[in-house]
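Reading through the structure tokens given below for one structure.
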Amino acid sequence: MYSVTHCIIRTSLVLSALIASAEVFGAGAGFLIYANIEDTPYVLMADHKHVHQMKRGWGVLGGTVDGNEGPLDAAIREVIEESNGAFAEADLRRVVDSRTKILETGYTTYFARTRFQPATFFSNSVADVAQGVKGERGPFAWIPWPVVTKAATEAATQEKKCEFKPVKVPPEYLPEHRQTSWFYCAFLRTVELIEKTGGLPKSNKKLQPIR
């Protein structure tokens with residue numbers, strides 16, 4: 001008969017293995033891309049186009065880890081697909097910050113700083129399926145980091161009610177033609193973790209849009 005201590009150790013080992021597995025084959029990965037405008041970081045965010053995803057609202061670029069992809073490979077592929085090909089794979093690998101945030105679900109968030117381009121720059125691209133560009137997201141908007149962190153704090157006080165009463169994005173930051181007007185709750189949980197562990201990184205490398 002196993003002792004309580006033995007059961008605890010076995011449970012810990014199983015959980016550790018699951019967490020390690022989730023880092024590689026987890027639910028997903030993405031990039032938090034930001035630009036500094038007058039010393040204030042603005043985050044590049046996008047609405048969800050597809051009907052089955054529209055309830056999510058506004059979040060950063062990212063998605064599911066496919067097959068045997070690593071988190072960074074998946075994050076880069078998703079950014080290219082969802083930004084309408086605005087960024088190049090080689091450039092994303094060059095500028096990716098060494099810091100990552102891994103949630104308990106296995107979702108990995110990478111950071112990259114870019115130069116500011118109007119949000120319409122990303123929306124007006126013509127998707128090229130042959131190049132792996134799918135035009136999956138849009139429209140786009142730049143949201144100030146202080147606004148995002150305030151929303152994350154508000155969502156945290158709601159405990160698990162965010163999905164039922166999502167936090168609204170201030171309308172002055174959103175385009176007129178949009179599907180939704182609220183933050184993606186899962187993204188706000190990531191923001192809360194980022195703030196608890198040092199906030200946005202300060203990087204001198206800049207991601208250059210390729211169009």
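Values as computed for the structure displayed
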{"quantity": "Debye equation applied to the C-alpha atoms of segment 152-201, log10 I(q)/I(0) at 0.22 Å⁻¹", "calculated": "-0.83"}
{"quantity": "5 angstrom amide H check on residue 182, placed H, neighbours 5+ away", "calculated": "58, 169"}
{"quantity": "Calculated from backbone phi, Karplus (6.51, -1.76, 1.60) coupling profile of segment 88-100 in Hz, x at Gly/Pro", "calculated": "9, 4, 4, 5, 4, 5, 5, 9, 4, 6, 5, 7, 10"}
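Every read-out reported here was derived from the displayed coordinates using simple, explicitly stated rules and does not represent laboratory data. From a predicted model like this one, the values you see are computed outputs, not experimental measurements.
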